[in-house]
Amino acid sequence: MKRIVILVSGRGSNMQAIVQRCAEQGWPARVAAVVANRPDAAGLTFAAAQGIHTAVVEHKAFATREAFDAELARVIDGFAPDLVVLAGFMRILGAGFVRHYEGRLLNIHPSLLPAFPGLHTHRRALQAGCQAVGATVHFVTPELDHGPIVMQSVVPVRPGDDEEALAARVLATEHVIYPQAVRWFVQDKLRLDEGRVTQVDGASQVLI
Ligand code: NHR
Ligand code: GAR
C-alpha cells in the first residue's frame, strides 16, 4: 500500500476527490494525512471526519521560507509518504524541499501549462482572449509550475464567461484528472524520461 500525504490551503475539493476515488476504486494506496498551512483550511474538517490524520504548519509562525519548509517536511516525513500531493496549496516551496521529494511530488495548476504559471490564471486567460483553458497535473520542480506534465484537461471558453464561471468549469475537470493522475502514480503506471511523462499502457493523458 502506497502512502499519500495531501497538502491543502483552503477548501480542499481536489483533496476530497482524491480521497473518494481512492476508497471507491480500491487503489493500492491510502491517504495517510492531510496537512494545511492555515488552521482554518476547510479541507481539514472533511479529512478529520474521514478519520484521516491532519496537521497544521502555519507559515506565519516562521521567520523565513526555509524554516517553514523544513518544519513542513519534518511533519510530512512523519507520515512516511510515497507520494506528496499539492491540492490548492498556496505557498511557493523552496528548492531544498522540492528536491527532497523529487519524483514523488505532484501539483495541479489551473491553466494549460506552460501558459499562465503563477496566480490569477483564469483572469489572465480571459484578458488574453484564450478560446480554451484548462488544468495541468505536473511533477513539481524548483521552478514554479514548470515540472513534467502528467495530465491536462481542456475546457472551452464561452461568450460571457467571467473568472468565476471559468474557474468552476475548470475545477470540475480537476476533480477528474487529479484522481486519475494520482491513481496512475500509485499503480506505477507513470514513466518520466527526459522531462516528459508517459502512461505505460498508453492511456490518454488529456481530458477534452
Ligand atoms: N513550489 C515549487 N517549487 N514549484 C511549484 O511548481 C509549486 C510550488 C508551490 C506551490 C502550486 C502553485 C500553483 O499551481 C505550487 C507549485 C502558490 C503561488 C504563490 O505565488 C504560486 C503558485 C502556486 C501556489 N503563492 C504566494 C507565496 O508567496 C502566496 C499566495 C497566498 O498565500 O495566497 O508563496 O499555482
Ligand atoms: C484549484 O482550482 C487549484 O487548481 C488551484 O486552487 C484551487 C483549489 O481548490 N490551485 C492553485 O491556484 C495553486 N496556486 P481546492 O482547494 O478546492 O482543491
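Computed from the coordinates by the stated procedures, all read-outs in this text should not be read as laboratory data. Since the structure is predicted, the reported quantities are computational estimates derived from the model, not experimental observations. Positions of Cβ are generated from backbone atoms using ideal geometry, with glycine treated the same way; all protein chains shown enter the neighbour counts.
Structure above, values below:
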quantity	calculated
Fraction of alpha-carbon pairs over 21 Å apart in region 46-168 - percent	48
Rg over Rh, two decimals, the chain (C-alpha only, Kirkwood Rh)	0.95
Per-residue Cβ neighbour rank within 10 angstrom, fewest leading, K60, K189	K60, K189
Hz values of 3J(HN,Hα) by residue in region 37-42 - Karplus curve (6.51, -1.76, 1.60), Gly and Pro given as x	9, 10, x, 8, 4, 4
Likely footprinting exposure, S204, S153, S111, fewest C-beta neighbours within 10 Å first	S204, S111, S153
Inter-centroid distance (Cα atoms) of region 5-34 relative to region 56-104, Å	17
Size of region 24-112 as Cα extents on the principal axes (Å, biggest first)	40, 31, 29
Environment charge of L207, counting only residues whose C-beta is closer than 13 Å and scoring Lys/Arg +1, Asp/Glu -1	0
Check: region 111-193 dipole with +1 on Lys, Arg Cβ and -1 on Asp, Glu Cβ, in debye	180
Karplus 3J(HN,Hα) series, Hz, for region 132-146 with 6.51 cos²θ - 1.76 cosθ + 1.60 (x for Gly, Pro)	9, 10, x, 9, 9, 9, 9, 5, 8, 10, x, 7, 3, 6, 10
Quotient of Cα Rg and 2.2 N^0.38 Å for region 1-66, N being how many residues it contains	1.17
